[in-house]
Structures are given as structure tokens and as C-alpha cells.
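The next block holds one structure in the form of C-alpha cells; read it before the comments.
A short reminder: the numbers here are calculations on the coordinates, not readings from a lab. Predicted, not measured: the structure shown is a model, and the values here were computed from it. When we count neighbours, we look across all protein chains shown, and the Cβ atoms used for this are built from the backbone with ideal geometry, even at glycine.
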Amino acid sequence: MSFLETRSLSRRFGGLTAVDQVDFRLDPGEIRAVIGPNGAGKTTLVSMISGRVAPSTGAILFGGDDITRLPPWERVARGIVYTFQITSVFRNLSCFDNVALAAQRALTLGKAPWHRIDHGALASAVTNALQRVELTERSDTPAANLPYGHQRLLEVAMSLALKPRLLVLDEPTQGLSEAEITNFCKLVREIAADATILLIEHNMDVVMELAQRITVMSNGAILAEGTPAEITANAAVQQAYLGA
Amino acid sequence: MRGPQHRVLALHGSVLALLFLLQFVLPAYHHTNFTSIMVLATYGIGYNILIGYTGLLSLGHAMFFAAGLYAAGLTVHYFNLDPVSAFLFGAVAALAFAAAVGLVALRTTGVSFMIVTMMFSQACFLLILYFNEVTRGDEGIVLTEAARQIGDFSLVNPAVRYNLALALFAIAVALCFILIRSRVGRVLVAIRENEERVKMLGYHTFRYKLLALALSGMLSGAAGAAYALMFGYVGATFASIEYSIYALLWVLLGGSGTILGPIVGALLMFYLVEWTSEVTESYRIVVGAVLVLLTLFFPKGILGTLREKRLRWLP
Amino acid sequence: MSLGPHLLLALMEGTVAAFVLALTALGLALVFGVMRIVNVAHGEFFMLGAVLAWAFAHLIGSPALGFLVAIIASPIIVGGAALAIDRMILRRFNYQPEATIVATIGLLYIIQQLVLVFYGPDARSVEAPINFRIQLPWFGYSGYKVVVAGIAALLLLATWYGIARTKLGLVMRATQFDSETAQAFGIPVDRVYAAVFAIGAMLAAIAGVLIVPIKQAYYLMGLDPLLLSFIVVIIGGLGSLRGAIIAAFVIGISDGVISVFFSPNLSKILATLLVALVLVFRPEGLFGGKAR
């Protein structure tokens, strides 16, 4: 039984087939990068995995259970957490409140809706997540007032507070500076200690540094899959993507 | 929320204290006006939970106000229920009704939610007219003085009425405050900001919106029930679209998403209409002009603009 | 009168009402479809058309001539007012949906007040421009109502032609499909919006002119057509013009029949509940995913 598996998963938008019969497998604990040119279907694939987009046909299995029809909130309850490509923190809320939204969800999972949570427990969960992305000092700042790079980190802190088993990062380093990217890679490796990571990324340096395996997509299908070294050597990939 | 907590409590405490003290200085006419403004502001607070804190714009809240109004008024009129039980029944009936409406209406979002709530409200208005024999339609029902007696206190007595209205308003303010500072309130505000994101944080947002609508309907209904009992009249006008629009107007004028916005808006509109009626008999143009001007120049309303410019801590 | 002819009369009344409703709702659907906004003051444009028709008939004296002038001049005046509203208000906040609703509610009150001041609180009737009756075996039927249905049908066809076959229609459809791309291709989206808003208002105004010899002109008469148009536009699928017209006939005719045999209130209650059912069972046919 694999950690995550999709079986001939497809998604059509009108006449366009964004993802075409994809069979995809992910092992527990790995860092997997998905690469491919724009429009290859990467975001659609991970959106179906996280429940933002419903598949047209096919199935998704997580830990052996069929989750194809589950709404996003039930997938979060099972540990699938999606981090948005376009930064979508709650701009008018403080960093604390942003992360608290995620943390209180994690603390109340599987409990009755009126279940009381301890203020201390919530505060320490939030502080903990903010600490991991080094934003503790900005706790009371409205998210909108953070520089862009920090907003991306806040987004990651929200995902961390949900205690993911599978963390989907959709182009996380887009718009970050070199220094921020270096720190970010360090952070991802720390997170990978207790979560599986599925990473969509355009920056090949980041991919090569982080990924244990790479999946290359093109025109809605998987073109190749392998270790970074194998992918670099793959002629088809070179032609379709790297060489272009 | 740390820090400004004191200021927040002090501000709301002093507003309530001021309203309490005002009853000793207000002339009889304004005394009655303030009583009704506080009840209507409670309706506004109920509306604000939905529009201001959850970001759902309903154009049919009069149906919840009317649900409380009729549930309380008709039980008093036909079954001689005592006013306290009738009030509670009114609030619970509105809660149940709002939950039922929500189950259907919340399947829609945005513009269609507005239209659907408006249609439901209109259907309620028409139903009240249709069951004319029970409700007496437009003409309405006047509740007798004898029926509006709580122990030794008569709801005809202005002082009793004023203080009950104040108590109702204070409870609404407190409830609203507790709600928005709670875990649930945090989720509601987040839904207002970006519902899609809240879903991806693992929340079943429909349930939260339903809860917000039910609470909002309950407060609106409680205000309706109080209005029926205090002023002894139940009529179809209170279910008309106009009453839905008033709630919208008060909240937008005062500042949507602020606790005191509804009373500021209700107070201003009441006296603005009052004052212009003396001069020109044309409240419609005032209501209309205020709505247009708000959208053009003050989309955040009075307290909302104040919060943005000065008082960031204002809840 | 026995059941058969009674039903026939109800169907005829319903059909005439449906034509007028289709015209009004088409205006609302057009504005929603292209601009993605809901105009709550739409019923007031209808009312303005009716009141102007009374004014022209009153000024001119001859019902037929007054009607002819009204059916041309009223929509022009109302369209002009709509253009002014578009420029001075809606464009200012860039047609933001919530703000548009609030502002058009405000306009509803302002227009009602102005009519109240200049026209008064009374309901006034206008003599029909023609008064021959069509004699059926069981009852006589107003020839004017048949004319109303005919004019409305012509206008519906003309609007369809305008949208499907003319350059303006093409530009409108492009804007509806994707306003940003349309802008990028040099389509003056601002002007298209203004034109659509004015055309929507004019359709409502013509419906108002047509109705006034049948119903009286009254400053609060806009609410019913507004609500019925909403019902029609929701059931037809917002933005879908064909859906709106089909729904107008379903609602208009059943409204006519239920009103005659039961009560007008009951028919409106049923229509409203139908909206709820449609929303529950066919949400995708309504506002779709595009409304925000």
C-alpha cells in the first residue's frame, strides 16, 4: 500500500484536458518535486489531491483509503495540507490570528464542535509554528503589512500548524530573494523530518537541492520520473522541458 | 487579544452607562424614540453578525425580525402566553426559522445569496398577507395592555420599556463581543476575508455560515419579539423589504463589522429621517441619498472609517 | 363562464403578462450577463416608463398619439437617466457587485421620491391607444393586449437580432465572455457597460409604457416586476437570455392561471418557492461559478 496514489486521474475544463489519466505514487517521508512547463497540469494535479478541484474521472487513494470524493476539510483532517501558489493569507488579520485559525483546527479535529480548547495550548501551538518560520516577533502585525517573503513564510506556518502528514507546496519560492530561498530550503528539510512533501517548483536549483525524486509532467501526463540524476540525464525530458 | 482589552471594555461600558443615564434627562418623546432605537439596533447587531463579520449580504433579514415579532405577538394574542415566555418563544422561533432558511439559501453565494434571501423574505411577507384571517395582514393586531404585564411591571410603562430595551441591547452587544472574540468568530471573519482558504484550512465552512445565520436570525428575531411586546403592535409592514433595507442601511452607515456601528447607524438614520420629515416629508430621498453616498465615499461607514484612520483597536 | 373558456382567458392574460415580463426580465438578464451586476432599481425604470407614458398621454390628449410618442420618448429619457447613473455612480466604484446592489437600492428610493414629488401618490390610468375588442364565442378580449404581446414579441426578436447579428452584439458578447481580454483587444469596455446598462433600462421602460393602459401608473409599481424579473432570471440561469425568456413564459403564464383560479399572492409565493427548489436541485444552472 502506498502513501498516496492516483489511478488514471483526469480533469477536463470544457474541451481542455488539464490532467490526462495520471497514475502517480508517493512514498511516505519523501520529498517529491513535480516539474514541467506552464500548463503541464501540475497545479491541477495537486489541486485534485488536496480537494480544491474535483476530478473528472479516476481515483485518489491516501493511506489506502479512497478519498476521491472527500471535501477539502476532510482531507485536511487526514493530514493533506495545501499551501497556495498565490499567497492567500488573511490580509486583515494579525499573524497570530492567521496561524491560530490553522492551529485551532488541528486542536479540535475529531472533537465535538463545542469542545473547549485551552488558551495556553492554542497560544503555544501558534508560537511554535511562528517560531519555525522565524516570525514570532511579528505576531501582532496584520499580515498585509508583512513583506512578500514573510507572507509566504506565514503561509507555511499556517500549514505547519495543521500538523500535515502530506504537505503540498505550490511554487513556494516564487518571488523570494536568494537568501530567502536558502533559508526556505533549510526549512523544508526540517519539515520533511515528520511530513511527506510534494513540491511544485520552477526553480531548478531548489528542485535539485531538495527533491529525492522528480516527476516531470507535460501536456497533462507524466513524462518521466526518477532521481534528480536520472531526470537530468533523460533525453525526453531535456527535449520537452530542460532544453527548451 | 491583549493590550487594548481595557479600552474596549471601557468604551462599550461607557456607551451602555450613557444610555442608562440618558433616560433621566430625555424628554418623553425622545425617551420613546431611544427605546425603539435600542431595539432596532439589536436587530442591526443581528444583521451585522452576518454581513459585517461573516461577509454574507442578506437582503431579507426582515423575515427574521418578523418571525420573532409574529411568534411572540400571535402567541400572546391567541394563547394568552405571558410576555417573558412569548419573548423567548419569539427568539427560538426565529433561530429555528433562520437555520431552516440557511440550509437552503446558503447553498448559494454572493449575489445569488442576496436575491434568494430577498425572495424568501418576500414570500414570508406574502404569506402573512395570505393568512389574513390569522395575521390581519397590513392592518395588524394590537396587543392589549393586560396581555403586556410582567408581574408588577407593565410594558406600557415607558421606564420599564426603556430599561428592558437597554438590557436587550446590552445582551446583544455582549453576545456579539463574545462571538467575535471566540474561536468561531475568528473562523467567521476568515470566511469573510477568503472562504476558499478557510476550506483548505480544514473547515466545513457551510456549518459556520449556518451557525452565523442562525445566531443572526435569533438576535433579529429577539428584537422583533421585543418590539411586538413593548409597542403592542404586530403588522405586515415589519416583514416588508423596506425593513430588510433599513437593517442594511443602519449597519453600513454605522460601519459594518463594528459592534457599535448598528446603534450609531440606527440613531443617525432615525433622527435624520425625523428631521427631514419635518421639513419636506421625504424620507425616501434621505434613505436613498445616504445609501448612494455611502457606497461612493464611505464604504466602511462611520466607525469603520474611524477604525481605519485612528482607532485600530475598535472591535 | 364554464371552466374551459375561463381557463382560456387565464391563459391569454398570462401570455400577455409573460410578454411584458420577458421584456423586463431580458433587461435585467442582459445587465447581469454582460456586467455581472444586479440592478435593484430595474423595477423603477419600469415604473418611470409607465409614469412617463401617463405624462405624454396627459400632455398630448389623444391616447393613440400619446402612446406613439411615449413608446419612443420614454425609453430615450429613461435610457438617458440610466447613462447618467452609470457615469456618476456605478463606474466610480468599478461595478463592484455589493456596492452596486446597495447603490441601486438607494437609487430605487431616490427615483420613487422624485416621482412622488412630481407625479403624486395616486395611481392613474391611461386610455388604451386602440379600443377594439376581439369577440370570441365566450367573451370579448381587449385588442390592445394583443398589440402589447405583438410589440413585445417584436422587441424580443430585435434584441435577439441585435445581440446575435450586429457588431454591437458581438462586442457585448466578447465583453461578457472576458472583459479583461476584451479590453486588451481594444474594446471600450466602459462604453459597452454604459450601453448595456442603458439598453437594459430602456427595455424595462418600454414594458412600463406597454403596461400602463392595462394597469395603472403608480410610484410603487416597480417592486412586483422587479421581484418577478429576479425570479425569472434565477430560474432561467442568470446571464442566460434564452433561459430568462423561457422562464418568463413559464412564470408569466402560470402566474396568470393561478392568479385567476386562486389568488395572486399564492402564485407569487409558489414562484418564490420554485426559486428555492431550483437553487437546491439545479444550482449549476443558476449563477454558475462566475458570480462572486
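Only one residue of B:185, B:215, B:233 has its Cα farthest out toward the positive end of the dipole of the stretch B:103-249, where Lys and Arg carry +1 and Asp and Glu -1 on Cβ, and that residue is B:185.
This model, with +1 at the C-beta of Lys and Arg and -1 at the C-beta of Asp and Glu, gives the stretch B:179-315 a dipole about its Cα centre of some 900 debye.
Seen from a random direction on average, the alpha-carbon convex hull of the protein assembly as shown projects onto 40.9 square nanometres.
To the nearest 0.05, what FRET efficiency results for residue B:177 and residue A:23 with a Förster distance of 56 Å applied to their C-beta separation? Efficiency, rounded to the nearest 0.05: 0.55. Normalised by the number of residues in chain C, the mean separation of alpha-carbon contacts (under 8 Å, six or more apart) gives a relative contact order of 38 percent. With the highest mean first, a sort of the peptides A:195-207, B:31-43 on other beta-carbon atoms found within 10 angstrom per residue produces B:31-43, A:195-207.
One way to sum up the overall shape of the stretch A:103-244 is the equivalent ellipsoid from its Cα gyration tensor, whose semi-axes run 34, 18, 12 Å, largest first. Using +1 at the Cβ of each Lys and Arg and -1 at the Cβ of each Asp and Glu in the protein assembly as shown, identify which of C:56, C:37, B:39 lies farthest towards the dipole's positive end. Toward the positive end, the furthest listed residue is C:37. Here the stretch A:46-89 was treated as a single set of alpha-carbon atoms; its pair distances binned every 5 Å from 0 give 6, 23, 34, 22, 11, 5, 1 percent. Over all distinct Cα-Cα pairs of chain C, the Kirkwood formula returns a hydrodynamic radius of 19.5 Å. Taking label points 7 Å from Cα along the Cα-to-Cβ direction, residue C:68 and residue B:133 give a separation of 5.4 nm.
Binning all Cα-Cα separations of the stretch B:23-108 at 5 Å, short to long from zero, yields these whole-percent fractions: 3, 13, 17, 20, 16, 14, 10, 4, 1, 1. Annotation: average projected area of chain B is 16.7 square nanometres, based on the convex hull of Cα atoms across all directions.
Three principal axis extents describe the C-alpha atoms of the stretch C:113-263; from largest down they are 59, 42, 30 Å.
Cross-linked pairs A:42/B:199; B:300/C:215; B:199/B:300: Cα-Cα separations exceed 32 Å for B:300/C:215. Considering only beta bridges that DSSP places wholly inside the protein assembly as shown, some 60 percent are antiparallel.
Of C:247, C:200, C:166, which is farthest along the charge dipole of chain C in the positive direction, counting Lys and Arg as +1 and Asp and Glu as -1 at C-beta? Going by the Cα projections, it comes out as C:166. Remark on the stretch B:136-202: hydrodynamic radius 15.8 angstrom, per the Kirkwood mean of 1/r across alpha carbon pairs. The Rg/Rh ratio for the stretch B:191-315 is 1.03, where Rg is the radius of gyration of the alpha carbons and Rh is the Kirkwood radius. What the Cβ-Cβ distance of residue A:193 and residue B:16 gives, at R0 = 45 Å and to the nearest 0.05, is a FRET efficiency of 0.25.
Each listed q (0.13 Å⁻¹) maps to a log10 I(q)/I(0) for the stretch A:55-151 from the Debye sum over equal C-alpha point scatterers, namely -0.59.
Taking C:144, C:219, C:109 in turn, the Gaussian network model of chain C (Cα-Cα springs below 10 Å) assigns the largest fluctuation to C:109. Peptides A:7-16, B:266-275, B:167-176, C:131-140 ranked from most to least packed give B:167-176, B:266-275, A:7-16, C:131-140, packing being the mean of other C-beta atoms within 10 angstrom over each peptide's residues. Reported value for chain A: 133 Å³ per residue, from the convex hull of its C-alpha atoms. Approximating the spin labels as points 7 Å out from Cα along Cα→Cβ, the residue C:88-to-residue A:235 distance works out to 7.4 nm.
Helix A:148-161 and the long axis of chain A differ in direction by around 80°, with both axes built from C-alpha atoms.
Applying a DSSP loop filter and a limit of 16 other Cβ atoms within 10 Å to the trypsin sites (Lys or Arg not before Pro) in the stretch A:45-110 leaves A:69, A:91. By the compact-protein rule of thumb, 2.2 N^0.38 Å, the alpha-carbon radius of gyration of the stretch C:7-48 corresponds to a ratio of 1.43. One compactness figure for the stretch A:165-238 is 1.13, namely its Cα radius of gyration divided by 2.2 N^0.38 Å. Three principal axis extents of the stretch C:163-227 based on alpha-carbon atoms, in descending order, are 47, 22, 17 Å. Note on the stretch A:12-69: with charges restricted to the Cβ of Lys and Arg (+1) and Asp and Glu (-1), its dipole about the Cα centre is near 240 debye.
Scanning chain B for trypsin sites (Lys or Arg not before Pro) that sit in a DSSP loop and have at most 14 other Cβ atoms within 10 Å, the longest stretch containing none of them is B:3-309. Charged side chains reduced to their Cβ positions (Lys and Arg at +1, Asp and Glu at -1) give the protein assembly as shown a dipole of some 220 debye around its Cα centre.
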